[in-house]
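Written out below as structure tokens is the structure these notes cover.
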Amino acid sequence: MADDMGFGDPEPYGAEKIPTPNMDRLAREGMRFTDAHSASAVCTPSRYAAVTGRYCWRTRLQSGVMWGYSPPLIDDGRMTVASMLRRQGYATAAVGKWHLGLGWNWTCEIPDDPAAVRTEPGHNIDHERPLTHTANDVGFDYFFGIPASLDMQPYCFVENHETVGTPSVEKDCYNPQQREGLMVPGWRDDLVDVTHAERACGFIEESHAAGRPFFLYLTPSVPHRPCIPPEFMEGASRAGLRGDCVALYDWVVGRVMETLDRLGLAEDTLMLVTSDNGARATDYYGNDWGHRSCGPWRGQKADIWEGGHREPLLARWPGVVEPGSVCDETVCLVDLMATCADITGADLPGDAAPDSVSILPALRGDDLRGPLHEATVHHSLNGTFAIRRGEWKLILGLGSGGFSDPRSLDPEPGGPEGQLYNMANDPYETTNLWQEEPAVVERLSNLLRTWREEGRSVER
């Protein structure tokens, strides 16, 4: 799972200025989804949904994202895709950006508002003591990664329950792309994902040597800012440093593929490649380099429009997924947990994965009698809701709900109160039909209200 890789960034989705040979190979050897979505247009809620099979707006996090020193978001005892697969005998690992909160040892009272943690300089944390809660506590046998995005303190790796080194010196920021805070002495931003790739491949090798099936949740930090590629990737694209970091993500994908090939595991492994949300329309300095990071879709990262949450999704599983196939079915990253349960024959308890649907029939290329999802719910940076059902997409508010449009959600007198688009006729969301289709507005609004009140959108 990349960080901020848009629909238009990989070559299989039309990129011409960024070489992504490994993702291109995956598309040839597997399936390319055209209507896949993250559950949110920003990272923390999207990742929560993927790991738990539950929309993040059902938690305390109703908008925005978390920070490096935020407390854990996943409740103790909640089943995750990792804990479920561990019960099935799988070795499990999370490697890369976590961004779901950690149990730091505060030397003062923990701020009530998780967002307020952002302003803390990190000096109120005892980094010498083991963390009380990490990915290990929600089902992962092994955890190695960074606490949050690569523009957030603390700038360090965490391995299982301990930091690798002690964040003790002020970050030499690549301003203005990174926030101030503490780092481990000698920290190298450009080598973060090289290290992630090494640890991920090492986990695969160790699992294979032990004779155990494995589940690897690998989440590199790129191409999210600060976009500082290692020297061997500089100039890899014709889309600036951000393009080089998309190419770096593809390099990480290639390292995993090489490891699977070398160990003879590729034929028996389902490999999924995607992103946590849409991309920024430009790099930090406003350059797009003639490259459309979100493809043809309206909007960008954080937006409720398609550019915010329609993702590249590639799947390879020899003998199950037809090589070179394309799937136009609407799917969501929240579906990971139900899909893995379906594949392994695991039973999901009634309170687990309340919004997750198995996409195994789509992977197999089954003749579907109807949509996998009755509808899919999307969420933006500021908490704007959308629901997609068949050809219709309803947005409960005006504007983008994110970075693209600063307008208020307050409707103008006599104007539409929200947005309604016919995605079959108007996939780029240009014509608002809110006032022309009141019955559709009412039907979708009622369905979303029901799902919010009932705490689930899927019955088991």
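We did not get these values from a lab; they are worked out from the coordinates using the rules stated. All values reported here derive from a predicted model rather than from experimental measurement. Note that we place each Cβ from the backbone using ideal geometry, even for glycine, and neighbour counts take in every protein chain shown.
Using modelled backbone amide H atoms (1.01 Å from N, in-plane), which distant-in-sequence or interchain residues come within less than 5 Å of THR163's amide H?
Placed amide hydrogens put LEU131 under 5 Å from THR163.
What ranking, highest mean first, results for peptides 50-57, 33-40, 266-273 when packing means the other Cβ atoms within 10 Å averaged over each residue? Each step should come with its number before you reach the end.
Details: 50-57: 26.6, 33-40: 25.0, 266-273: 17.5.
By packing density, highest mean first, the sequence is 50-57, 33-40, 266-273.
From the C-alpha coordinates alone, can you work out the Kirkwood hydrodynamic radius of the range 355-460, in Å?
For the range 355-460, the Kirkwood estimate is 15.2 Å.
Where a Cα-Cα gap under 18 Å defines reach, which aspartates and glutamates qualify for LYS17, not counting those fewer than 8 residues away within the same chain?
Of all the aspartates and glutamates, those that pass the test against LYS17 - Cα under 18 Å, at least 8 places apart if same chain - are ASP4, ASP9, GLU234, ASP244, ASP250, ASP283, ASP288.
Explain nothing, just the number: relative contact order of the range 1-89, from Cα pairs under 8 Å at least 6 residues apart, as a whole percent.
Working: 59 pairs, mean separation 14.9, N = 89.
Worked out over the range 1-89, it gives 17 percent.
Specify the inter-centroid distance of the range 238-315 and the range 159-193, based on alpha-carbon positions, in whole Å.
Cα centroid of the range 238-315 versus Cα centroid of the range 159-193: 24 Å apart.
Given contacts defined as C-alpha pairs under 8 Å and at least six residues apart, what's the relative contact order of the range 299-366, whole-number percent?
Values: 58 pairs, mean separation 19.7, N = 68.
It comes to 29 percent, rounded to a whole number.
Using the count of nearby Cβ atoms within 10 Å as a rough guide to exposure, how do TYR174, TYR90, TYR69, TYR421 rank from fewest to most?
On the way: TYR174 15, TYR90 22, TYR69 28, TYR421 25.
In increasing order of surrounding Cβ atoms, one gets TYR174, TYR90, TYR421, TYR69.
With a 10 Å radius around each residue's Cβ, average the other Cβ atoms per peptide and rank 368-378, 197-207, 332-342, highest first. Provide the component values of the computation, followed by the final result.
On the way: 368-378: 17.0, 197-207: 19.2, 332-342: 25.7.
Packing proxy ranking, top to bottom: 332-342, 197-207, 368-378.
So, R0 is 45 Å and r is the distance between the beta-carbons of ASN287 and THR34; what FRET efficiency does that work out to, to 0.05? Walk me through the intermediate numbers first.
Values: r = 28 Å, r/R0 = 0.61.
Once rounded, the FRET efficiency stands at 0.95.
Rounded to the nearest 0.05, what FRET efficiency do VAL164 and GLU437 have when you use their Cβ-Cβ distance and R0 = 45 Å? Don't skip to the answer; put the middle values down first.
Details: r = 55 Å, r/R0 = 1.22.
Efficiency, from the Cβ-Cβ distance: 0.25.
Please report LEU381, LEU448 as a ranked list, fewest other C-beta atoms within 10 angstrom at the top and most at the bottom.
Values: LEU381 22, LEU448 19.
Going from sparsest to densest Cβ surroundings: LEU448, LEU381.
With θ set to phi - 60° and the Karplus curve 6.51 cos²θ - 1.76 cosθ + 1.60, what are the ³J(HN,Hα) couplings of the range 291-308 in order, to the nearest whole Hz, using x for Gly and Pro?
10, 9, 5, 9, x, x, 7, 6, x, 8, 2, 5, 7, 7, 5, 4, x, x
Please list, in chain and number order, the residues 5+ apart from ASP405 or on another chain whose amide H is under 5 Å from its amide H, with Hs placed from the backbone.
Hits under the 5 Å cutoff: SER400.
If I model a spin label at GLN88 and GLU417 as a point 7 Å from the Cα along the Cα→Cβ vector, what separation in nanometres do I get?
4.3 nm
Per DSSP H run of n ≥ 4, the term is -39500 (n - 2.57); total these for the chain, divide by its residue number, and report the mean residue ellipticity at 222 nm rounded to 500 deg cm²/dmol.
Roughly -7000 deg cm²/dmol at 222 nm, from the helical runs in the chain.
Scan around LYS97 for amide H atoms under 5 Å from its own, H built in the peptide plane at 1.01 Å from N, and keep only partners 5 or more places away or cross-chain.
Close amide H contacts, sequence-distant or interchain: ILE146, THR219, SER221.
Can you compute 3J(HN,Hα) from phi for each residue in the range 53-69, using the Karplus curve 6.51 cos²θ - 1.76 cosθ + 1.60 with θ = phi - 60°, rounded to whole Hz and x for Gly and Pro?
x, 9, 4, 5, 5, 8, 9, 5, 8, 8, 6, x, 10, 9, 10, x, 9
Please compute the length gained on full extension between ASP261 and ASP24, using 0.36 nm multiplied by the number of residues separating them and subtracting their Cα-Cα distance. Intermediate results must be reported in sequence, preceding the final value.
On the way: separation 237, 0.36 × 237 = 85.32 nm, distance 1.64 nm.
Additional length available on full extension: 83.7 nm.
What percent do you get for the relative contact order of the chain when only Cα pairs under 8 Å and 6+ apart count?
Details: 1102 pairs, mean separation 105.5, N = 460.
It comes to 23 percent, rounded to a whole number.
Rg(Cα) of the range 1-159 divided by 2.2 N^0.38 Å?
On the way: Rg = 17.4 Å, N = 159, 2.2 N^0.38 = 15.1 Å.
Taking the Cα Rg and dividing by 2.2 N^0.38 Å, one obtains 1.15.
Find how many whole Å separate the alpha carbon centroid of the range 208-233 from the alpha carbon centroid of the range 1-80.
That distance is 14 Å.
Under a crude label model (7 Å from the Cα following the beta-carbon direction), how far is GLU231 from ASP405 in nanometres?
Rounded to a tenth, the inter-label distance reads 4.7 nm.
Taking the beta-carbon count within 10 Å as an exposure proxy, list THR166, THR384 from fewest neighbours to most.
Details: THR166 15, THR384 25.
Exposure proxy ranking, most exposed first: THR166, THR384.
Given the chain, report the % of alpha carbon pairs whose separation exceeds 29 Å.
Details: 47208 of 105570 pairs.
Distances greater than 29 Å cover 45 percent of the Cα pairs.
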